[in-house]
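Q: Here it is: the structure, laid out below.
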Amino acid sequence: MRNHEELKLLVKYALLIAMTTVMTMVIQIPTINTNGYLNLGDMVVFVAAFLLGKRGGLIVGGLGSGLADILLGYSHYAPITLIVKGLEGFIAGAILETKVGKRVPLLATVLGAMWMALGYYLAEIFMYGKEPALLGIPGNLAQGLFGAITCLIFIKALNKTRIKI
């Protein structure tokens, strides 16, 4: 029985990593200032945090988003993304495990999104300088907040179904 549960968990991780990669790659809006792009992958990172907790958010966020960077030719961002998006999922998952996070899940996803924007800003200071890095913050915040809100809509719809995940 234990092997069956471990296999189910492994499949969940694999599916969510693949979904993060695909959602990151489906729509890409290039950012001129930082040679990066905006995408929809944050939604799945937050879904992983809801379904698998902080560890799942960390693994799915880092690996799924980092893999998308490599496949899209943004390999210079892959190590940064591994850390930033991984911590985005971890932060959201850790907050979702608290009483406050259970009561106000939007707080967990918004704080994860804010970390993501800050994390990329800090990395881009070293890559491009302070001023160009500042120009990336609004887009990253918009991307993260869009992912936070769409995740909550998806989770609410999923909870209304009989699907057990």
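Q: Of everything in the range 28-71 that's in contact with a strand residue (DSSP E or B) (Cβ under 8 Å, 6 or more places away or on another chain) and of a type in the set (A, V, I, L, M, F, W, C), which residue is nearest to Ala142 (Cα to Cα)? Step through it out loud before you land on a result.
A: Of the range 28-71, the ones in contact with a strand residue (DSSP E or B) (Cβ under 8 Å, 6 or more places away or on another chain) are 28-31, 36-39.
Applying the additional criterion that residues be of a type in the set (A, V, I, L, M, F, W, C) yields 29, 38.
On the way: Ile29: 12, Leu38: 9 Å.
Within the range 28-71, the match that is nearest to Ala142 (Cα to Cα) is Leu38.
Q: Condition first: in contact with a helix residue (DSSP H, G or I) (Cβ under 6 Å, 6 or more places away or on another chain), within 17 Å of Met25 (Cα to Cα) and either of a type in the set (D, E, K, R) or free of Cβ contacts under 8 Å to residues at least 24 places away in the same chain (or both). Now tell me which residues in the range 67-95 satisfy that.
A: Selection gives Asp69, Ile70, Ala78, Thr81, Leu82, Lys85.
Q: Follow-up. List the number of the failed condition for Glu124; all other conditions in (1) under 21 Å from Gly66 (Cα atoms); (2) in a loop (DSSP other than H, G, I, E, B); (3) charged (D, E, K, R) hold.
A: Among (1) under 21 Å from Gly66 (Cα atoms); (2) in a loop (DSSP other than H, G, I, E, B); (3) charged (D, E, K, R), Glu124 violates only (2).
Q: Take the range 30-43 and flag every residue that is touching a residue at least 40 places away in the same chain (Cβ under 8 Å) and either part of a helix (DSSP H, G or I) or over 13 Å from the mean Cα position of the chain (by Cα) (or both). Break it down stepwise before answering.
A: Taking the range 30-43 first, the residues touching a residue at least 40 places away in the same chain (Cβ under 8 Å) are 31, 33-36, 38-43.
Passing the criteria: Thr31, Asn33, Thr34, Asn35, Gly36, Gly41, Asp42, Met43.
Q: Just for the range 96-151: of the residues that are free of Cβ contacts under 8 Å to residues at least 60 places away in the same chain and hydroxyl-bearing (Ser, Thr, Tyr), which one is farthest from Asn39 (Cα to Cα)?
A: Only one residue tops the list, namely Thr98.
So that you can scan it fast, the table gives a plain yes or no per residue for (1) at pLDDT below 95; (2) exposed (fewer than 13 other Cβ atoms within 10 Å of the Cβ):
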site	(1), (2)
Val100	no, yes
Arg103	no, yes
Leu106	no, no
Tyr120	no, no
Ala123	no, no
Ala142	yes, no
Lys160	yes, yes
Lys164	yes, yes
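Q: Based on this model, can you work out whether Thr81 counts as modelled with pLDDT of 95 or more, in contact with a Cys (Cβ under 8 Å, 6 or more places away or on another chain) and not charged (D, E, K, R)?
A: Details: modelled with pLDDT of 95 or more: yes; in contact with a Cys (Cβ under 8 Å, 6 or more places away or on another chain): no; not charged (D, E, K, R): yes.
Taking the combined requirement at face value, the residue does not satisfy it.
Q: If you don't mind, there's one more thing I want to ask. Exactly one condition in (1) in contact with a strand residue (DSSP E or B) (Cβ under 9 Å, 6 or more places away or on another chain); (2) hydroxyl-bearing (Ser, Thr, Tyr); (3) not in a helix (DSSP H, G or I) is false for Ser75; which is it?
A: Unmet condition: (1).
Q: Among the residues of the range 100-107, is any in a helix (DSSP H, G or I), among the small types (Gly, Ala, Ser) and under 26 Å from Lys156 (Cα atoms)?
A: Residues of the range 100-107 that are in a helix (DSSP H, G or I), as a first pass: 100-103, 105-107.
Right, trim to among the small types (Gly, Ala, Ser) and you get 101.
Restricting the remaining residues to those that are under 26 Å from Lys156 (Cα atoms) gives 101.
Yes - at least one qualifying residue is present in the range 100-107.
The values are calculated or read from the model by the stated rules, or taken from the named source; none is laboratory data. Quantities reported herein were computed from a predicted structural model and do not represent experimental measurements. Here the Cβ is made from the backbone with ideal geometry for all residues, glycine too, and neighbour counts use every protein chain on show.
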